[in-house]
Amino acid sequence: MDYNQLNGLSLAYLGDAVFELIIREYLLNKGYAKVNTLNKKCVKFTSGKSQADFIYFLINGKILDNDELSIYKRGRNSHIGSVRKNIDVETYLAATGFEALIGYLYLRDKDRLNEIINLIIKRKEESNNERN
């Protein structure tokens, strides 16, 4: 498979599944066992708003290289058929771009994927600690 030829929505489709699986594994490793708790905590990472926040953090922090930024834009600029009711179009498109980036990194460079995921988890943990 030539992942450079995949369109943004195909990469986002894969990235959505990969990101959710990684976050679920992370939460299980943190010791959460009740499914309801796992689901609530997982949604805090995988919601469209959270994903948009993560990509803005990566972009504003100048963490992404030019290729990664290009993949994000490929996903963000994809033609989408519809948007969920609870999220605005701009946030939804940013989240789609984030998922495309995750899908791309999963196919291209798992070490870089892990680096990005670890930065995101650290960021989320820090923001949770600030609220407590």
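The values are calculated or read from the model by the stated rules, or taken from the named source; none is laboratory data. Keep in mind that what you see is a predicted model, and the values were worked out from it rather than measured. Cβ coordinates were reconstructed from backbone atoms using ideal geometry, including for glycine residues, and neighbour counts include every protein chain displayed.
Against the test of being in contact (Cβ under 8 Å) with a residue 24 or more places away in the chain, in a loop (DSSP other than H, G, I, E, B), under 21 Å from Leu6 (Cβ atoms) and within 14 Å of the chain's Cα centre (by Cα), the options Leu64, Leu101 yield a single qualifying residue, Leu64.
Does at least one position in the range 31-43 carry a residue that is touching a Ser or Thr at 6+ places or on another chain (Cβ under 9 Å) and exposed (fewer than 14 other Cβ atoms within 10 Å of the Cβ)? Yes, there is a match, as at least one residue in the range 31-43 is touching a Ser or Thr at 6+ places or on another chain (Cβ under 9 Å) and exposed (fewer than 14 other Cβ atoms within 10 Å of the Cβ). Being crowded, with 16+ Cβ neighbours inside 10 Å and either at pLDDT below 95 or closer than 18 Å to Ile120 by Cα (or both) is true of Thr46. Among the criteria (1) in a helix (DSSP H, G or I); (2) of a type in the set (Phe, Trp, Tyr); (3) buried (at least 16 other Cβ atoms within 10 Å of the Cβ), the one Tyr56 does not fulfil is (3).
The single residue among Leu119, Leu21, Leu69, Leu113 that is hydrophobic (A, V, I, L, M, F, W, C), modelled with pLDDT of 95 or more, in a helix (DSSP H, G or I) and buried (at least 20 other Cβ atoms within 10 Å of the Cβ) turns out to be Leu113.
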